[in-house]
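The values are calculated or read from the model by the stated rules, or taken from the named source; none is laboratory data. This structure is a prediction, so every number in the text was calculated from the model and none was measured. Here the Cβ positions follow ideal geometry from the backbone for every residue, glycine too, while neighbour counts run over all protein chains shown. Heavy atoms of the whole protein, side chains included, go into the accessibility calculation; ligands, DNA and RNA do not. Shrake-Rupley method; radii C 1.70, N 1.55, O 1.52, S 1.80 Å.
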Amino acid sequence: MKKLSNIISKSVYKTNGQKLGYVLATEFSVDCSKLVSLVIVDEETEVQMKVDASEVVHGEEAIFLKTDPLFVDGYGFSSPIGKMVFDKLANFLGKVKEVYLNNNRVIGIATNKICFLPKNISVNGESAIVLFGKKQKTKPFNFDDTIFLPEQKVKITDEQSQIVPYRIELTGKSLIGKVAMRDIFGFNNELIIKKYEVITQKKVNEAKKHNKLNLLFYNCK
């Protein structure tokens, strides 16, 4: 079993030993049941590349690619990390903090309140996930636990397919007061946030300006 948090920011190498950069983001299937691809960024040039998740070898300290990545010009952040989770009665069930994987298949999604399966998802929206309206487990738990909501056999109706998710934008406010766990560099290799620096609103604004808010999100605690 792998954790998504252990994949983000990991260094990426070709099998000949050439370093390509680090994992910036991940992309999942529409139903959030599978990790589809990794987005890699070159630390010096900021060039972004994408590789199929099945074409990588995961090590303790690095990732090796079995094939050459494709260069991309922009990509979609389809990872569930950071999304708000609700039930169909608009009860807030926490923000997604971790995704558990087994051979790129999602076996659990954890917030700070519950852990659930992809089959529990009614709507996987851009900024929020809505779960089916069964009674939820709301007791906080350790992310290493394996307590999941039970699978539900459901029939998707026309009414369910038209559900609109709650639109909630990530503003970066949740990062304020946390500590950066790595140096964050801007467009011109400018150091905008130092490792172990406390994140302030000013630093969040700098990260937004240099399109590094997502990288900061994955590298603070």
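Tell me the residue from 5, 37 that is at negative phi, under 16 Å from the mean Cα position of the chain (by Cα), of a type in the set (Gly, Ala, Ser) and assigned to a strand (DSSP E or B), please.
After ruling out the rest, the residue left standing is 37.
Of all residues being surrounded by 14 or more Cβ atoms within 10 Å (Cβ to Cβ) and not basic (Lys, Arg) in region 48-57, which is nearest to the chain's Cα centre (by Cα)? Just the residue, please.
That would be 53.
Counting only residues that are open to solvent by 20 Å² or more (accessible area, probe 1.4 Å) and of a type in the set (S, T, N, Q), which one in region 30-47 is farthest from residue 106 (Cα to Cα)?
45
Sort out which residues of region 76-114 are farther than 23 Å from residue 55 by Cα and outside any strand (DSSP E or B), and write them in order of number.
82, 83, 88, 89, 90, 91, 112, 113, 114
Are any residues in region 10-29 more than 20 Å from residue 124 (Cβ to Cβ) and surrounded by 15 or more Cβ atoms within 10 Å (Cβ to Cβ), and if so, which ones?
Selection gives 10, 11, 12, 13, 20, 21, 22, 23, 24.
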